[in-house]
Every structure is written in C-alpha cells, then in structure tokens.
Amino acid sequence: MKKEVWRVDWIDSCASNMNWILESDFNGKEIEPIKITTVGVKVFEDDNYVTIAQNYGVNPLQFCSLMTIPKGCVKDQFIISEIFFEDDKV
C-alpha cells in the first residue's frame, strides 16, 4: 500500500499574551498570525478543509494526531515523499 506524505504551509491565528495594553501603544505588529508547516498523510480534503494525520499506522489502518486546516489559511501544499506499507509488515 502506498501513502503520500504531504507538507502543508498555512497561516494560523494568534492571540495576545493577555496583558493589558494601551490603545495608543498598539501598532498591530505585536500579535501577527503565525506561519505554520504541518507534515503527514493527507486523510481528507474538500473545498473547505484539508486534514493531515501526523501519525499513521497499519494492521489495522488507523491514524491519530489529526490537524484540520481551513483552505482559506493554506498558502501551499505539496507531496514531499511516498511511503510504502506491506499488508502484513510495518
């Protein structure tokens, strides 16, 4: 069985450190969105989302550590490698 390993580059939201700040001191640069790279097996994609499994297992087929990313946040995505599983061996 062949699975593709994907890299998804995307922008995540960012929150402040929860400290009070004067409006006059805020310039908008203190809490910029964060550039993220997620790598794993793509297990779902539609027009709105892409879901990457960061851990993937066989016997039985299973995955965990899922990251679902809204398509509006995705800047780039591409295959970085392929992995091959034998049905009875890992």
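Can you tell me the relative contact order of region 2-84? Whole percent, Cα pairs under 8 Å, sequence separation 6 or more.
This gives 41 percent for region 2-84.
What length, rounded to one decimal in nm, is gained on full extension from I34 through to K2, with 0.36 nm per residue of separation minus their alpha-carbon distance?
The I34-K2 span can extend by a further 8.3 nm.
Say a site is exposed when it is one of the chymotrypsin sites (Phe, Trp or Tyr not before Pro), sits in a DSSP loop, and has at most 13 other Cβ atoms within 10 Å; what is then the longest site-free stretch of the chain?
In the chain, the maximal stretch lacking such sites is 27-90.
Starting from the exponent 0.38 and prefactor 2.2 Å, build the expected Rg for region 2-84 from its residue count and divide its actual Cα Rg by it.
Scaled against compact globular proteins, the figure is 1.45.
Cut-off 10 angstrom, C-alpha nodes, Gaussian network model of the chain. Which of P33, P70, P60 fluctuates the most?
P60
Write out the GluC sites (Glu not before Pro) in region 1-76 meeting two conditions: DSSP loop, and at most 15 other Cβ atoms within 10 Å of their Cβ.
Those that pass, being in a loop and sparsely packed, are E30.
Can you list the lysines whose alpha carbon sits under 27 Å from that of K71, skipping same-chain ones fewer than 8 residues off?
By straight Cα distance, K71 reaches K2, K3, K29, K35, K42.
Give the shape of region 46-90 as rounded, prolate or oblate, defined through the alpha-carbon gyration tensor: a ≥ b ≥ c are the square roots of its eigenvalues, a/c under 1.5 means rounded, and otherwise the shape is prolate if a/b is larger than b/c and oblate if not.
Prolate.
Throughout, read-outs are computed from the coordinates displayed, never taken from laboratory work. Model, not experiment: these values are computed from the prediction. A quick note on method: Cβ atoms are made from the backbone with ideal geometry, for glycine too, and the neighbour counts reach across all protein chains shown.
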